[in-house]
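Peer 1: Okay, handing you the structure first.
The values are calculated or read from the model by the stated rules, or taken from the named source; none is laboratory data. Here the structure is a predicted model, which means the values were calculated and not measured. Ideal geometry is used to build each Cβ from the backbone, glycine not excepted, and the neighbour counts take in all protein chains shown.
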Amino acid sequence: MKLFGKESNSATQEAKKTSASGLGTFGGVYTPSILTILGVIMYLRFGEVVGSVGLIGTLVIVTLSTLITFLTSLSICAIATDRVVRVGGAYYMISRSLGIETGGAVGIPLYFAQALSVSLYTLGFAESVVNSFTGLKDFQVFVALAVTIVVAVLALTSADVAIKSQYFIMAAIALSLVSFVLGHPVDSGGNAISASEINMFAAPAEGSKSFWEIFALFFPAVTGIMAGVSLSGDLQDPIKSIPRGTLAAVGTGYVVYMIMPIFLAMRADPATLVDNSSTIMQQMSLWGPSILLGVWGATLSSALGSILGAPRVLQALARDGVLPDWMSFLGSGSGKDDEPRIGTAVTLVVAIAGVCIGDLNLIAPVLTMFFLTTYLVLNVSAAIEGFLQSPSFRPTFKFPWFLSLLGAGGCLAVMFLINPVATVVAAIVVLIIYFWLQRRELTTTWGDVRRGLWMALLREAILQTDHTQDTKNWRPSILVLSGAPSRRWSLIRLADALTHKRGLITVSSVLPLGSCDLARQMILEKRIRNYLERRGVQALVRLITAKEPFEGATQLVATYGLGSVVPNTIMMGDSDNAAKRDDYCATIATFHEARRSVIILRESKRGFGRRKKIDIWWKGMQANGSLMLLLAYLLRKDIEWRNAQLYLKLVVSDESAAIAAKENVRNLVEKLRISAVPTILISQGRSFKEILHSSSVDADLVFLGVAKPDRPDRAKFREYYENLQVVASGLSTTVMFVLAAPDFAFQEVLSES
């Protein structure tokens, strides 16, 4: 397994630790998971669940809830048996599957959710204590602070000691369950009655909550499966322990939650269950105080699980460089077991801050959403890995990938059922962190599934795209013959403006034959890509070697592309080199014969000026005219050109022709829904060069059409192109010569836009 550069030393430490010692399946996974599952909802809210929806409804809710958790457990097992899960648990799994940005976007909220969960559990413990001992009514916050510090000290001592302390808690919970099973029926006052007075299939209590409200109330009771995963770095054999311990905990929880409703329904009527939900188990039990011990044990075990898991997530985030550099010290570990004592101290501070607030009811739903978001993303990770069937994904625990997708859908549905507002808030927080990490451009040395996913989509897209020309979906896909990007940056910038991040750009250059081997060529391509990325241009790069530049350009156009995905537009710079005029014009003609549009940029000294005025010298809708209109329309979508005014210029011979032409052009512009100013010019015996220079002297960009090359007589096209250069010479404005691809109806692109 390849790891991030900063993590290599710690990874070695972890490998040594894992081989020498570590927690087993029962102590490291099963115990923290089952103790989190059998929590306060079981003790304080299960009566309301049964009383509100009845026995059958409760069994359905338990089954649906556990099914979602079970599907998520399958995803966890698949990922855990494919790779060694190191420190960080769920964060580690997600970042190695979906990338560091996604892992960090989920991992940072997950850390705070776990850290603040300590506050929630200790405040709940303190509330139960002060309610049981009336003399402590005014000391709830102090009790919560004391308990928070105690569980933190246990975690700082060692994970092993903390896990062993949970065995006593498990014993207390087991005692409470035995006492409950051996209990008796009760009436609304908590008095023992005969079982014959109770109808276990009675209708739900009047005025009770709906099925889905009760579902949302109960679901957090089955979300304890991450407690064991969070200790992955402390496990002796996480590949075996995580699947076994997690599935065993889910199974045990399901059995307990399916049996308890039967006893509740047999021992109290629905109204009593709803009204006395928080005390009903204590009233029914053989020994009431055992339930109180179970409640305390449940809250303490959950607090311990959170104080053990949160620092390890923080440690992994710091080691992977997700956190800012000044926080890298949080990735350090202490002792032979590499325990995150600094992270635990920081987590203690966060938990104490939560306790001091005193009431976390406002953020508690959002914390639940972060846990469910983690489940959702874990399911998505496993689904993508299974769907792609990458050779590198070889889990020993196998199951159909669509079950993970079903689990992801279940998590998303439950999130909205529990609290739609909290779901949206959690999603916004995750997205903000994701884009923040994306902007930091973190580099990792491990692979993830994103490239495999894009390759699968690319394959399908190429196979589904045939060679039929489609006017409705036409966009310029530009091959830029730029040479060194820094020398002709205007070509690349213009291509970027025309595609507007919707079409493909390939920046290409022809190198002298024998100037570099393939290895060196790949290095140069990477340097050019980095150069383009630094300047905000997304483009492909392709270098080629040839005896002559024009020969290489022709070869590139003939061979470059994948299936039907080939550049439909060639962009190149103008050339005043008379010695190479024949080759230059022959290359343009070859591109035209290859059914590619050609854009030739003749740049003036002032570049694109203020980007305020674009002149199109127009002769009609056919071929060049339509393409020039399209290019101008696309150019104005770029942020630098959005304030430019488009002028559609047409030269006529006399005044009468001008009146008709102006009306026709005005109607055409209105029909095409393109904002342009029709400008009709009367020649009055002047040459086109004179009209051009006088009318476009203040333009920032001028479009001129190029006649089709005459194949039988290439010399004729050379003469024509030289005359075109003469016409544009002396003009202080940048000129774009446009030659439309043959046999493509650009006018239909305009009419369908």
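Peer 1: Go through (1) aliphatic (A, V, I, L, M); (2) modelled with pLDDT under 85; (3) under 28 Å from Thr499 (Cβ atoms) for Ala657 and report which single condition fails.
Peer 2: (3)
Peer 1: While we're looking at this one, here's another question. Name the one entry in Ile614, Ile674 that is among the β-branched types (Val, Ile, Thr), in contact with a helix residue (DSSP H, G or I) (Cβ under 8 Å, 6 or more places away or on another chain) and at pLDDT 90 or above. Spell out how you get there, then give the answer.
Peer 2: On the way: Ile674 fails: at pLDDT 90 or above.
When all the criteria are applied, what remains is Ile614.
Peer 1: Of all residues being modelled with pLDDT of 90 or more and of a type outside the set (A, V, I, L, M, F, W, C) in the stretch 286-311, which is farthest from Ile41 (Cα to Cα)? Just the residue, please.
Peer 2: Of everything passing the filter in the stretch 286-311, Pro311 is farthest from Ile41 (Cα to Cα).
Peer 1: Looking at the stretch 168-190 only, could you name the residues that are surrounded by 15 or more Cβ atoms within 10 Å (Cβ to Cβ) and in a helix (DSSP H, G or I)?
Peer 2: Ile169, Met170, Ala172, Ile173, Leu175, Ser176, Leu177, Ser179, Phe180 - these are the residues of the stretch 168-190 that are surrounded by 15 or more Cβ atoms within 10 Å (Cβ to Cβ) and in a helix (DSSP H, G or I).
Okay, residues lined up against (1) in contact (Cβ under 8 Å) with a residue 40 or more places away in the chain; (2) not basic (Lys, Arg):
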residue: Lys580; (1), (2): no, no
residue: Asp583; (1), (2): no, yes
residue: Ala594; (1), (2): no, yes
residue: Lys605; (1), (2): yes, no
residue: Asp615; (1), (2): yes, yes
residue: Leu631; (1), (2): yes, yes
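Peer 1: Which one of Leu372, Leu293, Leu308, Leu300 is of a type in the set (A, V, I, L, M), in contact with an Asp or Glu (Cβ under 9 Å, 6 or more places away or on another chain) and touching a residue at least 40 places away in the same chain (Cβ under 8 Å)?
Peer 2: Sole residue among the options that is of a type in the set (A, V, I, L, M), in contact with an Asp or Glu (Cβ under 9 Å, 6 or more places away or on another chain) and touching a residue at least 40 places away in the same chain (Cβ under 8 Å): Leu308.
Peer 1: Now for a separate question. Could you tell me how many of the residues in the stretch 125-135 are under 19 Å from Ile357 (Cα atoms), hydrophobic (A, V, I, L, M, F, W, C) and out of contact with any Leu (no Cβ under 7 Å at 6 or more places or on another chain)?
Peer 2: Qualifying residue count for the region: 1.
Peer 1: Moving on. Which count do you get for residues in the stretch 229-258 that are part of a helix (DSSP H, G or I), polar (S, T, N, Q) and either at pLDDT 85 or above or surrounded by fewer than 20 Cβ atoms within 10 Å (Cβ to Cβ) (or both)? So that I can check it myself, show each step before the final result.
Peer 2: Taking the stretch 229-258 as the starting set, the residues that turn out to be part of a helix (DSSP H, G or I) are 229, 232-234, 238-258.
Now restrict to residues that are polar (S, T, N, Q): 232, 241, 246, 252.
Checking which are either at pLDDT 85 or above or surrounded by fewer than 20 Cβ atoms within 10 Å (Cβ to Cβ) (or both) leaves us with 241, 246, 252.
Of the residues in that region, 3 qualify.
Peer 1: Also, quick follow-up: Looking at the stretch 631-728, what strands (runs of 3 or more DSSP E) fall wholly within it and have at least 1 residues that are among the small types (Gly, Ala, Ser) and either in contact with a His (Cβ under 7 Å, 6 or more places away or on another chain) or surrounded by 12 or more Cβ atoms within 10 Å (Cβ to Cβ) (or both)?
Peer 2: Details: elements: 645-652, 677-682, 701-705.
So the answer is 701-705.
Peer 1: Considering (1) outside any loop (DSSP other than H, G, I, E, B); (2) more than 20 Å from Thr299 (Cβ to Cβ); (3) in contact (Cβ under 8 Å) with a residue 12 or more places away in the chain, say which one Val84 fails and leave the rest.
Peer 2: Evaluating Val84 over (1) outside any loop (DSSP other than H, G, I, E, B); (2) more than 20 Å from Thr299 (Cβ to Cβ); (3) in contact (Cβ under 8 Å) with a residue 12 or more places away in the chain leaves (1) as the failure.
Peer 1: Continuing with this model, one more query. What are the pairs, 6+ residues apart or on separate chains, where a residue within the stretch 722-740 that is modelled with pLDDT under 95 has its Cβ under 6 Å from a residue that is surrounded by fewer than 16 Cβ atoms within 10 Å (Cβ to Cβ)?
Peer 2: Val727/Lys689
Peer 1: Which of the following residues is in the same structural domain as Arg319 (by TED's automatic domain parsing), part of a helix (DSSP H, G or I) and over 18 Å from Leu273 (Cα atoms): Ser196, Ser165? Before you say what the answer is, go through the steps one by one.
Peer 2: Values: Ser196 fails: over 18 Å from Leu273 (Cα atoms).
Only one candidate qualifies: Ser165.
Conditions (1) more than 23 Å from Ser117 (Cα to Cα); (2) in contact with a Ser or Thr (Cβ under 7 Å, 6 or more places away or on another chain); (3) not aliphatic (A, V, I, L, M), marked per residue:
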position	(1), (2), (3)
Ile173	no, no, no
Gly207	yes, no, yes
Asp234	no, no, yes
Pro243	yes, yes, yes
Val250	no, yes, no
Val255	yes, no, no
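Peer 1: Within the stretch 205-220, is there a residue that is at pLDDT 80 or above, of a type in the set (Val, Ile, Thr) and in the same structural domain as Gly88 (by TED's automatic domain parsing)?
Peer 2: Looking through the stretch 205-220, at least one residue is at pLDDT 80 or above, of a type in the set (Val, Ile, Thr) and in the same structural domain as Gly88 (by TED's automatic domain parsing).
Peer 1: Taking the criterion of being more than 29 Å from Ala586 (Cα to Cα) and touching a residue at least 40 places away in the same chain (Cβ under 8 Å), would at least one residue in the stretch 700-718 satisfy it?
Peer 2: Step one: of the stretch 700-718, the residues more than 29 Å from Ala586 (Cα to Cα) are 700.
Right, trim to touching a residue at least 40 places away in the same chain (Cβ under 8 Å) and you get 700.
Yes.
Peer 1: Being under 21 Å from the mean Cα position of the chain (by Cα) and of a type in the set (Phe, Trp, Tyr) narrows it down to one of Phe402, Phe397, so name that one. Before the answer, list the steps.
Peer 2: Working: Phe397 fails: under 21 Å from the mean Cα position of the chain (by Cα).
Checking each option against the conditions leaves just Phe402.
Peer 1: Please go through the stretch 205-216 and pick out each residue that is under 19 Å from Met281 (Cβ atoms) and not small (Gly, Ala, Ser).
Peer 2: Narrowing the stretch 205-216 to residues under 19 Å from Met281 (Cβ atoms): 205, 208, 214.
Of everything in the stretch 205-216, just one residue is under 19 Å from Met281 (Cβ atoms) and not small (Gly, Ala, Ser), namely Ile214.
Peer 1: Would you tally the residues in the stretch 277-307 being farther than 24 Å from Ala162 by Cβ and not small (Gly, Ala, Ser)? Let's see the steps before the verdict.
Peer 2: Of all residues in the stretch 277-307, those farther than 24 Å from Ala162 by Cβ come to 277-289, 291.
With not small (Gly, Ala, Ser) added as a condition, the list becomes 279-284, 286-287, 289, 291.
Matching residues across the stretch 277-307 total 10.
For (1) modelled with pLDDT under 85; (2) under 21 Å from Thr252 (Cα atoms), each residue gets a yes or a no:
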| site | (1), (2) |
| --- | --- |
| Leu74 | no, yes |
| Met93 | yes, no |
| Gln114 | no, no |
| Phe142 | no, no |
| Leu154 | yes, no |
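Peer 1: Taking into account only those residues within the stretch 550-560 that are without any contact (Cβ under 8 Å) to a residue 40 or more places away in the chain and buried (at least 17 other Cβ atoms within 10 Å of the Cβ), which is farthest from Cys585 (Cα to Cα)?
Peer 2: Per the criteria, the residue is Thr554.
Peer 1: Looking at Val706, Val697, can you tell me which residue is touching a helix residue (DSSP H, G or I) at 6+ places or on another chain (Cβ under 8 Å) and not assigned by TED's automatic domain parsing to the domain that holds Thr569? Before you say what the answer is, go through the steps one by one.
Peer 2: Values: Val697 fails: touching a helix residue (DSSP H, G or I) at 6+ places or on another chain (Cβ under 8 Å).
Only one candidate qualifies: Val706.
Peer 1: Then there's this: Residue check: is Asp337 in the same structural domain as Asp234 (by TED's automatic domain parsing) and surrounded by fewer than 15 Cβ atoms within 10 Å (Cβ to Cβ)?
Peer 2: Details: in the same structural domain as Asp234 (by TED's automatic domain parsing): yes; surrounded by fewer than 15 Cβ atoms within 10 Å (Cβ to Cβ): no.
So Asp337 does not fit the description; no.
Peer 1: I want to confirm something. Restricting to the stretch 350-388 and keeping residues that are over 21 Å from Val151 (Cα atoms) and at pLDDT below 75, which single residue is surrounded by the most Cβ atoms within 10 Å (Cβ to Cβ)?
Peer 2: In the first step, residues of the stretch 350-388 are kept if they are over 21 Å from Val151 (Cα atoms); the result is 361-363, 365-366, 368-388.
Now restrict to residues that are at pLDDT below 75: 361-363, 365-366.
Numbers: Asn361: 7, Leu362: 9, Ile363: 18, Pro365: 19, Val366: 21.
Within the stretch 350-388, the match that is surrounded by the most Cβ atoms within 10 Å (Cβ to Cβ) is Val366.
Peer 1: Hey, another quick one. Criterion first (in the same structural domain as Phe70 (by TED's automatic domain parsing), more than 26 Å from Arg459 (Cα to Cα) and assigned to a helix (DSSP H, G or I)) does Leu378 satisfy it?
Peer 2: Details: in the same structural domain as Phe70 (by TED's automatic domain parsing): yes; more than 26 Å from Arg459 (Cα to Cα): no; assigned to a helix (DSSP H, G or I): yes.
Spelling it out, it is not the case that Leu378 is in the same structural domain as Phe70 (by TED's automatic domain parsing), more than 26 Å from Arg459 (Cα to Cα) and assigned to a helix (DSSP H, G or I).
Peer 1: Follow-up. For the stretch 214-226, indicate whether the set of residues that are assigned to a helix (DSSP H, G or I) and hydroxyl-bearing (Ser, Thr, Tyr) is non-empty. Spell out how you get there, then give the answer.
Peer 2: At the first step, the residues of the stretch 214-226 found to be assigned to a helix (DSSP H, G or I) are 214-222, 226.
Still in the list and also hydroxyl-bearing (Ser, Thr, Tyr): none.
No; the residues of the stretch 214-226 include none that is assigned to a helix (DSSP H, G or I) and hydroxyl-bearing (Ser, Thr, Tyr).
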